[in-house]
Amino acid sequence: MEDIEDAQATAAVVCYFDPTCPFAWVTSRWLLEVERLQPIDLLFRTMSLSVLNEHRELDTWYREFNDRAWGPARVCAAVEALHGSAVLRDLYTALGSRIHGERNEDYDVVVTESLEELGLPTSLAEAAHTDAFDGPLRTGHQAGQEAVGEEAGTPVVTVDGAGFFGPVLTCVPKGEEAIRLFRATRALAGMGAFAELKRGRGALNLR
């Protein structure tokens, strides 16, 4: 009886995202689809590929990607610090729709337009080019790492307190498929013995 009640309880889910990561974007849209179809307690928090990789030797193209990724993540950290975590989901949607949906690589424009869309002070865009909010950004990033238990990229998702790197998806599951994946993820989260499951990636579809 206790197991049945636990299965029916509303799942607590945290999605740690870097706004520039396409895989985090797909996973976040899946979680929003799940939320649309069934009650979950879904929270978004910022992590940072730039923080994760700042001292690593990387291929030139990926170093450039990480160096540019500081800006949107810093703005997310500033908004969260000054306006609370609740606004992050809408800010992430505004940023991600432009970065991943419209393929806009001018992050200064993306950030300013996104802040304007949400009625947030556009002066927050200045955070992209300073380290003023790197403390909160690093703290949020570390929380995601600790949830997994080792260094991990994006996305990091916790379900009922159990942290994963992933699920890494190549497209956004919809409807019953989204629910089936979430139930499977929650089942794995409830198994203390489960550690890792992985296979090759196909082509990425951001929609």
### Task
Considering only region 6-63, state which residues are closer than 20 Å to Asp134 by Cβ and aliphatic (A, V, I, L, M).
Ala24, Met47, Leu49, Val51, Leu52, Leu58
### Query
If we keep just the residues of region 36-95 that are free of Cβ contacts under 8 Å to residues at least 12 places away in the same chain and among the aliphatic types (A, V, I, L, M), which is farthest from Leu124 (Cα to Cα)?
Leu58
### Query
If we scan region 129-142, do we find a residue that is surrounded by 13 or more Cβ atoms within 10 Å (Cβ to Cβ), under 13 Å from the mean Cα position of the chain (by Cα) and farther than 16 Å from Pro19 by Cα?
no
### Candidate set: region 37-85, residues that are closer than 28 Å to Ala12 by Cβ and of a type in the set (S, T, N, Q); chosen: the one nearest to the chain's Cα centre (by Cα)
Thr46
## Note on the structure
The residue from Gly175, Gly153, Gly161 that alone is in contact with a helix residue (DSSP H, G or I) (Cβ under 9 Å, 6 or more places away or on another chain) and at pLDDT 95 or above is Gly175
### Message
Being β-branched (Val, Ile, Thr) and in contact with a strand residue (DSSP E or B) (Cβ under 8 Å, 6 or more places away or on another chain) is the filter here; which residues of region 40-72 pass it?
### Response
Ile40, Thr46
### Task
Would you check if there is a residue in region 181-193 being in contact with a Phe, Trp or Tyr (Cβ under 7 Å, 6 or more places away or on another chain), surrounded by fewer than 18 Cβ atoms within 10 Å (Cβ to Cβ) and at pLDDT below 95?
yes
### Task
Taking the options Arg29, Arg36, name whichever one is under 22 Å from Gly101 (Cβ atoms), exposed (fewer than 14 other Cβ atoms within 10 Å of the Cβ) and not small (Gly, Ala, Ser).
Arg36
### Query
In this structure, does Ala147 turn out to be crowded, with 16+ Cβ neighbours inside 10 Å and touching a residue at least 12 places away in the same chain (Cβ under 8 Å)?
yes
#### Entry: Matching option when the condition is in contact with a His (Cβ under 9 Å, 6 or more places away or on another chain) and farther than 20 Å from Arg201 by Cβ, among Thr46, Thr10, Thr20
Thr46
### Query
How about region 157-195: which of its residues are in a loop (DSSP other than H, G, I, E, B), of a type outside the set (Lys, Arg) and touching a residue at least 12 places away in the same chain (Cβ under 8 Å)?
Asp160, Gly161, Gly166, Pro167, Val168, Leu169, Thr170, Cys171, Val172, Pro173, Gly190
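The values are calculated or read from the model by the stated rules, or taken from the named source; none is laboratory data. Here the structure is a predicted model, which means the values were calculated and not measured. As a convention, Cβ positions derive from the backbone with ideal geometry for all residues, glycine included, and neighbour counts pool all protein chains shown.
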